[in-house]
Amino acid sequence: MERLKQAGIDFSVGTLNFLANTGVMLPYILILFQYQKTQSATYLVALVTVYISRAASIFYTKRFNFRSSTYLILTLVLGALGSLPFALTQSVGWLIVGSLLWGYSAATIWPYFLTVKLHLTHTTPFKMKRVYWLVFLGLIILLELDFVLKLSFSLTFALLALLNLAALPGGLLLNEFTHDFYRGQPNQRHGLKQFWRWWLSVVFFAAIAVLTTLRKSNLALPAWLTLVIILVALVIALIELYADRRKLREFKLRLLNRGFLLSFVLLFSSFMAYFYWGKLGMYLIFVVYLIGFEGGAGIINALAHHDPTRKQRLSGALLVLGHLLVLIPWKYPYLLGLLLMALYIGYDNPTINRDMYESQVVDNDTAMIDKYRFSTAGGLICQLCLFGLLALVGWLGQLPILDFFKPTDATNWFLYTWAVNWPLVLTSLALSLANLRSHRAV
């Protein structure tokens, strides 16, 4: 009986580990599959809603002043409630509700899980077991069954709701294990006093919703109106950054740079890759990113012989070289450049986790949320720059924005290279150089 109980706990914690690692993308990908299959306006609304909810939630999640271990449990409950409507109905109202809940869970489950994991690493010998690969295998099998039986992913959505519930005992166990860590620590207050920022954020994310819709469907907007929407969103983003000018001063530029790089590699380059490799391009970029992200820390550590100064210089040199290679209009330097940029991201990710968590000027219970908050801001700024460039190209060249996101041939390759790729790369390079200079000064 004791062995069975332990197996149940291992499965629950393993499921939690799986959901935390895949949660940020899984809801979006499944709804995207549904939209691509049905081309239904209902699933387009759900897709945009989950995307906006996921982006917005990371900015406002700490307003209830709970501990991270409590928030982790909340993300599981909302994840279960969010996935159920997709398993049971096609009503647009219920799918919007599900998307809002699922978007919050997707945005916050990993930062809170990582925070709890770091707390446990510093206070207990507790270790995660890699049971979640079995959960992943089960999900793949169920996806295949959904395809064969043509059930519109209803089985998969139902399973995800059950997996969130199955992970709850694991979340409660981790919450119990963190009691010693939280004992005696003051309760941090995170309420938002500047209510004008709430209204600005509504306008900002409404603009992001319109732009997201533009890259998913043929929504006919005049080019000048698209540019005005982008300009308003950029101004609001800059106002937000100015309002937070005293927060995380020594990390902010590094986090904004991280978010910008991620959006450049994973969003822009995934679509730009079509003009080099056709339909294979998006998958190729994802594989390159995965290699860089997973192997960056190990490769740079090995090449620098684990010397901290050499690691910092080498990673910075690879990042700059990656930008320069991406500027070359040839597919092989382009791919190598993206790999070098991904290696830097993979190296910097665990480094910044450690630096922020162990910093004396950052509350370690909110460090990971703050990390993803400013990283998300950097990613959204990159997207706004991308949309601005595409809108200008569309205005001057009489091309719809959708032509870039859903191309049928590579006719406009050079136009997108000099008018979109080069300005984005140079902007990213300037941000990276500023970050490397400030990081070296610290």
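The values are calculated or read from the model by the stated rules, or taken from the named source; none is laboratory data. From a predicted model like this one, the values you see are computed outputs, not experimental measurements. Positions of Cβ are backbone-derived with ideal geometry, glycine not excepted, and every protein chain shown enters the neighbour counts. In case anyone asks, the SASA skips ligands and DNA or RNA and just uses the protein heavy atoms, side chains included. Shrake-Rupley method; radii C 1.70, N 1.55, O 1.52, S 1.80 Å.
Would you rank 117, 371, 279 by solvent-accessible area, highest first, keeping every protein chain in place and using a 1.4 Å probe?
279, 117, 371
Where does the chain land at 222 nm, in deg cm²/dmol rounded to the nearest 500, when only DSSP H runs of n ≥ 4 count, each adding -39500 (n - 2.57), divided by all residues?
-26000 deg cm²/dmol
Rounded to the nearest 20 debye, what is the charge dipole size of the chain about its Cα centre when +1 sits on each Lys and Arg Cβ and -1 on each Asp and Glu Cβ?
640 debye
Need one value: the accessible area of residue 274 in square angstrom, 1.4 angstrom probe, rounded to the nearest 10.
50 Å²
Figure the gain on full extension for residue 239 and residue 353 (residue separation times 0.36 nm, minus the Cα-Cα span) and round it to one decimal in nm.
Contour length minus the Cα-Cα distance gives 38.4 nm.
Report the per residue volume, in Å³, of the convex hull enclosing the C-alpha atoms of the stretch 25-99.
Hull volume over Cα atoms, normalised by residue count, gives 86 Å³.
For the stretch 246-307, taking Cα atoms only, what is the radius of gyration to one decimal and the Dmax to the nearest whole Å?
Every Cα atom of the stretch 246-307 included, Rg and Dmax give 15.2, 45 Å.
Given C-alpha coordinates of the stretch 306-442, what is the ratio Rg to Rh with the Kirkwood estimate of Rh?
Value, to two decimals: 1.04.
What percent do you get for the relative contact order of the stretch 293-374 when only Cα pairs under 8 Å and 6+ apart count?
Rounded, it is 30 percent for the stretch 293-374.
Taking the chain as a Gaussian network, where each spring joins two C-alpha atoms under 10 Å apart, which residue of 69, 270, 359 fluctuates the most?
359
What are the DSSP H helices in the chain that stretch 24 Å or more along their long axis, judged by alpha-carbon atoms, and whose average Kyte-Doolittle hydropathy comes to at least 1.0?
Span-like helices here: 41-60, 68-88, 132-149, 196-214, 223-243, 281-303, 367-397.
Using 0.36 nm per residue, how much length does the chain from residue 249 to residue 402 gain when fully extended, once their Cα-Cα distance is taken away?
That works out to 51.3 nm of additional length.
Can you give the percent of C-alpha pairs in the stretch 371-415 whose distance is more than 12 Å?
Result: 67 percent of Cα pairs exceed 12 Å.
Reported to two decimal places, what Rg/Rh ratio describes the chain when computed on Cα atoms with Rh from the Kirkwood expression?
With Rh from the inverse mean 1/r over Cα pairs, Rg/Rh is 0.95.
At a 10 angstrom cut-off on C-beta neighbours, averaged per residue, how do the peptides 87-97, 299-309, 167-177 rank from highest to lowest?
The packing order, highest mean first, is 167-177, 87-97, 299-309.
Using the heavy atoms of the protein chains alone and a 1.4 angstrom probe, what is the accessible area of the chain per residue in square angstrom?
Accessible surface, normalised per residue, equals 47 Å².
Considering Cα pairs under 8 angstrom that are at least six residues apart, work out the relative contact order of the chain and quote it in whole percent.
RCO, the chain: 18 percent.
What does the convex hull of the Cα atoms of the stretch 324-367 come to per residue, in Å³, rounded to a whole number?
So the per-residue hull volume is 77 Å³.
Determine the distance separating the Cα centre of the stretch 327-349 from the Cα centre of the stretch 218-254; give it in Å without decimals.
What the calculation gives is 26 Å, centre to centre.
To the nearest Å, what is the center-to-center distance of the stretch 379-442 and the stretch 278-296, using C-alpha atoms only?
With the stretch 379-442 and the stretch 278-296 each reduced to a Cα centre, they are spaced 19 Å.
How would you rank 248-257, 211-220, highest first, on the average number of other Cβ atoms within 10 Å across their residues?
248-257, 211-220
Could I have the simple spin-label model distance between residue 363 and residue 307, label points 7 Å from Cα toward Cβ, reported in nm to one decimal?
Result: 4.1 nm between the two label points.
Find the relative contact order for the stretch 283-442 and round it to a whole percent, using C-alpha pairs within less than 8 Å whose residues are 6+ positions apart.
Relative contact order here is 24 percent.
Among 37/371; 216/279; 37/62; 279/331, which pairs are too far apart, with a Cα-Cα distance over 25 Å?
37/371; 37/62
Full extension from residue 283 to residue 77: what is 0.36 nm times the residue separation minus their Cα-Cα distance, to one decimal in nm?
So the extension gain works out to 70.9 nm.
Can you give me the % of accessible surface on the chain that is carbon or sulfur? Probe 1.4 Å, all protein chains present, nothing else counted.
About 68 percent, which is the carbon plus sulfur part of the accessible surface.
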